[in-house]
Amino acid sequence: MKKILLMASVLMMILSTAAGHVFTVNDFSAQEKTYAIGSRGPAGGWIFYDSGSSSGGWRYLEAAPEDQGRAVWGCKGKTIPGAQGAAIGDGRKNTASILKHCGDEDTAAVKVSAYRGGGKNDWFLPSIDELKAMYENLHMKAIGDFIDQCFWSSTEGGTDSAWAHDFYEGDRYRSERDRPSRVRAVRSF
């Protein structure tokens, strides 16, 4: 009887270890899926940036599959602390700062934070450099159904302006915050 119990215990340990190993392999492969620029992302949008490795909790930037309409940037005449980041990776922080320090309704930051595309709730307004990457890696390759108009970034340009990117001419410039422009949400993962 002791031999049977011992064999049963060993068998259970082997099966538990094997099952744990299979789970780990499946979990690892799901986390390590790779995406190409221009391919569909996990939220149904378009991948437009790959940092090459996971850093700071993310590797890819995904643009929503459609615009969220037009909106003003908001809070004209008010400096927004923490919304001056222009680099790739700054959009999420900029957007959080705008939402915290600008109480205006129906702004670009409010529209993207309310967006729930692909069942995700982590969308934000891209920084000006993120918007440039979106323009170069998607729009210029006819991916993403972008309209040839100006799009807001989350990068503040001054107390009365914020950075925008013209998807018709390809230029980046400071625009008056009370001027409605197009809005396209992005997310990092």
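Each peptide among 33-44, 112-123 gets the average number of other Cβ atoms lying within 10 Å of its residues, and from highest to lowest they stand as 112-123, 33-44. Model label points for Glu136 and Asp148, set 7 angstrom from Cα along the Cα-to-Cβ axis, are 2.2 nm apart. For the range 61-178, what percent of Cα pairs sit more than 21 Å apart? When every Cα pair of the range 61-178 is considered, 29 percent fall beyond 21 Å.
What does the net charge come to around Asp178 if you take all other residues with beta carbon closer than 9 Å to its beta carbon, with K and R at +1 and D and E at -1? Result for the local shell: +1.
Read-outs throughout are calculated quantities, based only on the coordinates presented, and are distinct from any laboratory measurement. All values reported here derive from a predicted model rather than from experimental measurement. FYI the Cβ positions are ideal-geometry reconstructions off the backbone, even for glycines, and counts take in every protein chain you see.
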